[in-house]
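Have a look at the structure that comes next, please.
Any read-out appearing in this document is the output of simple, stated calculations on the displayed coordinates, not a laboratory observation. Bear in mind that the values here come from a model prediction, so they are computed numbers and not experimental data. Methodologically, a virtual Cβ is constructed for each residue, glycine included, from the backbone with ideal geometry; neighbour enumeration extends over all protein chains shown.
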Amino acid sequence: MSNPSTMAQRVSSLKQLESLSLSLLLLLLWFTNSCYNRAQALVVLPENVVGGGAGMPANDIVVGDVALVLTRVENDCFETFLLESRNASNTYASAYRACQMLGSRKRMEFVSAEWSTRVDVTEQVTELCKDLCDCAQIAGDMEFFQCSAQHSFRGVNTMQQVYLNSTAAIVELEHKYEEAEKQILLCIIAAEQQYVDSSSKAFLKLSKCLKAT
């Protein structure tokens, strides 16, 4: 089964990558898609800037040492992009948790399926151990060895049954664990695919929006 700490690390790494990618994306989109160059951006009329007043634009994005002044339309483009990106991340997180829940349900199914076998093995071993322990309490040597021999002989068949039943359970569980792991991985891959598709659509929509400004 997947390690929970490894899954958590993957989610954390994704968030870090998102943050870095967004900063680079904002800088790239400005220079490749905006119809304004740096000089034009700085002289945008206040009435075309979100919250503009007194000749100073109110909204800008700082990437490194570069201040990107946004018009109202451009700001709307980025606001929409950020909202859709956030929705994509939230959807991915929900889908990822659903995959985790799938793993939990599968484990419960395994416990239920093999429970009767476990109970049988436990009862057989417990009974054999009790009989041998009772023999150990006998004071007389002859009686002690007779008791031990009797229960040990009978215990050979018990231990063979325990061995065979346990081995069959191991084979069955290994198969189920592999199948469950496959289902969980496919679930995660589907969630990741959905996230990538949603993020790509948000990026393309932002690009078209900026080109139209």
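Can you tell me which residue among Val121, Val111 is within 20 Å of His175 (Cβ to Cβ), among the aliphatic types (A, V, I, L, M) and surrounded by 12 or more Cβ atoms within 10 Å (Cβ to Cβ)?
Of Val121, Val111, the one residue that is within 20 Å of His175 (Cβ to Cβ), among the aliphatic types (A, V, I, L, M) and surrounded by 12 or more Cβ atoms within 10 Å (Cβ to Cβ) is Val121.
Give the residues of the stretch 155-198 that are β-branched (Val, Ile, Thr) and surrounded by 13 or more Cβ atoms within 10 Å (Cβ to Cβ), sorted by residue number.
Thr158, Val162, Ile184, Ile188
For the stretch 70-89, which residues satisfy the criterion of being touching a strand residue (DSSP E or B) at 6+ places or on another chain (Cβ under 8 Å) and part of a helix (DSSP H, G or I)?
Selection gives Phe78 alone.
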